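Quick notes on the structure that follows.
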Amino acid sequence: MVQFGYNISQPRAINMDKNDMMISQKILRTMPELQTCIACGSCTATCTAGAITSFNFRKVHTLVRRGEYKGAYEEMNKCMLCGKCRLSCPRGINTRGVVMLIKQELGEYR
Amino acid sequence: MSKRVIVIGGGVAGMQTAATLAGLGIHPVIIEKGDRLGGKLLNWHKLFPTFTPAGEVLDTLRRQLKDVEIMTNTEVKRIEQSGVVLNDGRLLVSDAVVVCSGFDIFRAEIKEEYGYGIYDNVYTTVDIERMLNEGKVHTADGHIPERIAFLHCVGSRDEKVGQKHCSRVCCITGVKQAMELKELFPQSEIYNFYMDIRMFGPGYEEMYRQAQEEFNIHFIRGRISEASETIDKRVQIKAEDTLIGRPLKMTVDMLILIVGMKAGASNDRFAENRGIELYPSHFIRPRNQFVDNICSSAGNIFYAGTVTAPKNVGESLNEGVAAALRVSKYLED
Amino acid sequence: MKRNSWQEYQKEIADDHYFYVRSCIRQNFFPGSEAAFLNILRNDLGRDVGEEARHTSCTGIGYHSDIVPLETIMTVVARQFAMMTEAGYEHFTSSCITSFGIYSEILETWKEFPETEERTREYLYKATGREFKKPKSLAHTSDIIFHHREQIGKQAVRPLVNVETGEPLKVVEHIGCHYAKLFPKSGIGGSEFPYVLAGMIESWGGEVVDYPERRHCCGFGFRNYLVQANRGYSIANSQKKLESMAPYKPDFIVANCPGCTMFLDKWQYAIAEMEGTTYGPDGQGIPVLSYEEMAGLVLGYDPWELGMQMHQVAVEPLLDKMGVRYDPAAKYLARNGKYIGQPEEAAVNLRCTSQPIIRKL
């Protein structure tokens, strides 16, 4: 193939027509409360790991809900499981449970 | 002889005002431009947050209007101190006027980028209520939708179409219809695209939570920028998932535009009366937002319902009672 | 397509006596298009079009690439208007969409901020001694062809119909962003459902293809393609459009912007060479025409006279569908009969070069 000195940029959009939603649906069936997240960010604000790494619990589980699984497992590995986020969540989501569930379901996407 | 009060508009606010006036021994006349009473609720299926059939509310109101004089297919042109002038030029004399002329539904065609009226599978919340009433909800070619998107704030909080205000009730309407469609089509995926979710009424927040947790309705924070038709007549939509910070696209079988409330077209005409003032949104501005929120600056003109601002059915009904009581006090003085 | 909203966006287009300014790049990439516009207007429609050889670039490319400052481009634009005024014309028309956007934007700026117009008049007078009147009407040349579409339709020799099947040709129309996205009111049909090219297609017997990425930008973007390393996102945008339109099997693409026409044509070559993907039937490309070329074919002009041999994507499959008679041997001959050279054979022009050329490996 010919090289012209540039590549064709790949689309950045989350493509919900191509993403495989099976795992995401399974996660939501197991923990439907995750849908009630209102993105207040208090989990990330209080996160022990988020204070020193790029870990953003809210963003990672939102990506997972959109079928974007790549990297989620590694991200969740940054969680120290201290449990503070669960105390701060105004919707009462079992955030530690979400971390464990995502790790369990998405191990293959490493 | 009892005093005569003209009630402009036979929607829920007007019906409630007239019923209350009649109960107080005053003679109300409802002037309705349509051919029957009920206003917007005539075309509505069920009401949030209790899923009460709209017809039940109307039936209750109608029963209270047995002795009330009603003029249908009649439109008011101007409001004067002595009464109202009709479109045919007749002057109807009255001791007071209660303006209950409500709101207009925002015309979704104006948001051209969503292709309403152009693409077969783009609908409004009004269409969905009609389809629910008819018991026929399906895609344009008669299929069960597998994926549905609702778009909040169509014609609300949108400077581009001259609608800077929040229409308030659309958020909960979007949640209600999402739940109704999920009940009809349990296998379908439903996405609500929103800018903010504003759950202002009793039981609304609880209903929102129920939609998320029990109905598995997905809420994506981001406004759809455009809709286009695909080769199989589905609708491709683009938005940003702002909570992730990436563009997002998907194809849906039905795109439902949650249309907002626009100030009634007659408000401009009514405001030719010096006692009636308008907000920049063209809703009517009451004399005072607190203690006189149903009163005009003209002593004998009063307001009830969405003529002054977007409101839900309960609030409009309450204003009907309040306006009637203030009219009665005015007539005594 | 059920589009009614275009009727709400109409603009005044003059009937006759246009002052014509050219595009910087079209002469190279679509060299017959501007001549075709003049021939159609003057000879087929009997209209008066004035030109002035001393008019310059509007400097839009420099402006959009942060090289030409606002005051400078305003003065250059003022000079073009002075040329028009001196030639005795009032209706200004530009061949280029970028220029059309520049003219629209500057006229609007002068309206909103009259002091900028005053300053521009002063600069122009100091620099050149010229003065100008603002045009009575401003139109893109595609507006003018649109305005005369019914008359062209009446004079049509070859409508946009497949001669073998009798079916209307399926046409993708692409509108340059600066035609109506800057000022929706300045474009026929507005920005979401522009009708300027669709109207021509429908009047001349074709069928407009509405595909999901119809409104998407071609990716031209000035500073994006000017820097070689950045071309990835220019080409990605064209690719997105091509992928979206391909399932509709369009017979050709027509565009009204010099940049879009060039990119939708040339990026097809680049994508085919880089990735091996083509978007037309049988591994070929989708021919890309300017609206003047489209009008020219409809009116019976010779394709090589229209400059269509300069396209990267071969146009012969389209010419065959339309029943256009052409001399394959004359494709790469200049008007004086001299051989002008020809491109190497590539996926998008396969079998359409004059003689087979063995590909260098």
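Let me confirm one metric for peptide B:216-223, namely the mean number of other chain beta-carbon atoms within 10 Å of its residues' beta-carbons. Could the numbers behind the result be given before it?
Numbers: counts 5, 1, 7, 5, 5, 3, 0, 0.
What the average comes to for B:216-223 is 3.
Let me confirm one metric for peptide B:112-118, namely the mean number of other chain beta-carbon atoms within 10 Å of its residues' beta-carbons. If you can, show how the numbers build up before the last one.
Values: counts 11, 4, 1, 6, 0, 4, 8.
Mean inter-chain Cβ contacts per residue within 10 Å come to 5.
Count charges around A:Thr53 for me, please; just the other residues with Cβ under 10 Å from its Cβ, Lys/Arg as +1, Asp/Glu as -1.
Spelling it out: positives minus negatives among the neighbours equals 0.
With every protein chain kept in place and ligands, DNA and RNA left out, what is the accessible area per residue of chain C? Probe 1.4 Å, answer in Å².
Working: 14970 Å² over 361 residues.
Dividing the accessible area of chain C by its residue count gives 41 Å².
Using a 1.4 Å probe, how large is the accessible area of A:Met22, given in Å² and rounded to the nearest 10?
Only protein atoms counted, so the area is about 130 Å².
Would you compute, from DSSP H runs of 4+ residues alone, the mean residue ellipticity of chain C at 222 nm, taking -39500 (n - 2.57) per run and dividing by the full residue count, rounded to the nearest 500? Provide the component values of the computation, followed by the final result.
On the way: 15 runs with 142 residues, N = 361.
Helix-only estimate at 222 nm: -11500 deg cm²/dmol.
Counting other Cβ atoms within 10 Å, keep those with at most 14, restrict to DSSP loop, and tell me which GluC sites (Glu not before Pro) in segment B:238-309 are left. Mind showing how you got there, number by number?
On the way: sites: B:Glu240, B:Glu272, B:Glu277; in loops: B:Glu272.
Sites meeting the loop and neighbour criteria: B:Glu272.
Which three semi-axes in whole Å describe the equivalent ellipsoid of segment B:200-311, each the square root of 5 times a Cα gyration tensor eigenvalue, listed largest first? It would help to have the intermediate numbers written out before the result.
Numbers: eigenvalues 329, 76, 30 Å².
Sorted largest first and rounded, they come to 41, 20, 12 Å.
Going 7 Å from the Cα of B:Asn288 in the Cα-to-Cβ direction, what parts of segment B:297-312 have a backbone nitrogen less than 17 Å from that spot?
Backbone N within reach: B:297-303.
Could you give the nm distance between label points at B:Glu183 and B:Asp67, where each point is 7 Å from its Cα heading toward the beta carbon?
With each label point 7 Å from Cα toward Cβ, the separation is 3.9 nm.
Check which residues have an amide H placed less than 5 Å from C:Gly190's amide H, if you skip close sequence neighbours.
Correct list: C:Tyr195.
Kirkwood Rh, chain B, all Cα pairs: how many Å?
Values: mean 1/r = 0.0478 Å⁻¹.
Taking every pair of different Cα atoms in chain B, averaging 1/r and inverting gives 20.9 Å.
Using mean Cβ contacts within 10 Å as the protection proxy, how do B:50-60, B:155-165 order, highest first? The partial results should precede the final answer.
Details: B:50-60: 14.6, B:155-165: 16.3.
So the peptides B:50-60, B:155-165, ranked by packing, come out B:155-165, B:50-60.
Once every Cα of chain C carries one equal point scatterer and solvent is ignored, give the base-10 log of I(q)/I(0) from the Debye formula at q = 0.08, 0.11, 0.15 Å⁻¹, two decimals.
Here log10 of I(q) over I(0) equals -0.39, -0.75, -1.37.
Just need the Rg to Rh number for chain A, please, alpha carbons only, Kirkwood Rh.
Numbers: Rg = 16.0 Å, Rh = 15.0 Å.
In chain A, Rg relative to Rh is 1.07.
Could you derive backbone 3J(HN,Hα) for segment C:239-250 from the dihedral phi with the Karplus parameters 6.51, -1.76 and 1.60 (θ = phi - 60°), listing whole Hz in sequence and x where the residue is Gly or Pro?
Calculated HN-Hα couplings, in order: 4, 4, 5, 4, 5, 6, 8, 3, x, 7, 6, x Hz.
A:Lys26: which lysines have alpha carbons under 25 Å from its alpha carbon, excluding same-chain residues fewer than 8 sequence positions away?
Partners within reach: A:Lys18, A:Lys59, A:Lys70, A:Lys78, A:Lys103, B:Lys176, B:Lys182, B:Lys249.
Using mean Cβ contacts within 10 Å as the protection proxy, how do C:159-167, A:62-70, C:141-149 order, highest first? Intermediate results must be reported in sequence, preceding the final value.
Numbers: C:159-167: 14.3, A:62-70: 19.8, C:141-149: 23.7.
Packing order, densest peptide first, comes out as C:141-149, A:62-70, C:159-167.
Nearest 100 Å² is fine: how much accessible area is buried between B and A, summed over both sides, with a 1.4 Å probe?
Values: alone 15480 and 7480 Å², together 20770 Å².
Adding both sides of the contact gives about 2200 Å².
Percent of accessible area on segment B:173-312 owned by carbon and sulfur, 1.4 Å probe?
Working: 2470 of 5130 Å².
So the carbon and sulfur contribution to the accessible surface is 48 percent.
Once phi is turned into θ = phi - 60°, what whole-Hz ³J(HN,Hα) does the Karplus curve with 6.51, -1.76 and 1.60 give for every residue of segment B:215-228, x standing for Gly and Pro?
Couplings: 9, 6, 8, 8, 10, 10, 7, x, 9, 5, 8, 7, 10, 9 Hz.
For peptide A:30-39, how many partner chain Cβ atoms fall within 10 Å of a residue's Cβ, on average? Mind dumping the intermediate values first?
On the way: counts 0, 1, 5, 3, 2, 10, 7, 3, 7, 5.
The mean count of partner-chain Cβ atoms within 10 Å per residue comes to 4.
Using a 1.4 Å probe and counting only protein heavy atoms, arrange C:Lys126, B:Lys182 so the residue with the most accessible area comes first. Mind showing how you got there, number by number?
Numbers: C:Lys126 155, B:Lys182 30 Å².
Reading off the accessible areas and sorting them downward yields C:Lys126, B:Lys182.
Could you tell me the relative contact order of segment B:108-261? Use alpha-carbon pairs under 8 Å, at least six residues apart, and round to a whole percent. The partial results should precede the final answer.
Details: 295 pairs, mean separation 51.3, N = 154.
Rounded, it is 33 percent for segment B:108-261.
Sort B:131-137, B:221-227, B:233-239 by packing, meaning the average of other beta carbons within 10 Å per residue, with the highest value first.
On the way: B:131-137: 13.6, B:221-227: 19.6, B:233-239: 21.4.
Descending packing order for the listed peptides: B:233-239, B:221-227, B:131-137.
Quickly estimate the mean residue ellipticity at 222 nm for chain B, helices only: each DSSP H run with n ≥ 4 gives -39500 (n - 2.57), and the total goes over all residues, rounded to 500. Write down the numbers at each step before the final one.
On the way: 7 runs with 83 residues, N = 333.
Estimated from H runs of four or more residues: -7500 deg cm²/dmol.
Please work out the average accessible area per residue across chain B, using the 1.4 Å probe convention, and give it in Å².
Values: 13730 Å² over 333 residues.
Counting only protein heavy atoms, the per-residue value for chain B is 41 Å².
What chymotrypsin sites (Phe, Trp or Tyr not before Pro) in segment B:231-333 are in a loop by DSSP, with at most 10 other Cβ atoms within 10 Å of the Cβ?
Numbers: sites: B:Phe270, B:Phe283, B:Phe290, B:Phe302, B:Tyr303, B:Tyr330; in loops: B:Phe283, B:Phe290.
Counting only loop positions with at most 10 other Cβ atoms within 10 Å, the chymotrypsin sites (Phe, Trp or Tyr not before Pro) in segment B:231-333 are B:Phe290.
Go through A:Phe4, C:Phe92 and list them by solvent-accessible area, largest first, probe radius 1.4 Å.
Values: A:Phe4 55, C:Phe92 0 Å².
The ordering from most to least exposed comes out as A:Phe4, C:Phe92.
Helix-only mean residue ellipticity at 222 nm, chain A, DSSP H runs n ≥ 4 weighted -39,500 (n - 2.57), per residue, nearest 500. What is it? Provide the component values of the computation, followed by the final result.
Working: 6 runs with 46 residues, N = 110.
Roughly -11000 deg cm²/dmol at 222 nm, from the helical runs in chain A.
The values are calculated or read from the model by the stated rules, or taken from the named source; none is laboratory data. Note that the coordinates shown come from a computational prediction; the quantities given were computed from them, not determined experimentally. Cβ: placed from backbone, ideal geometry, glycine included. Neighbour counts: every protein chain shown. Each accessible area value is taken on the protein alone, full model and side chains, heavy atoms only, with ligands, DNA and RNA left out. Shrake-Rupley method; radii C 1.70, N 1.55, O 1.52, S 1.80 Å.
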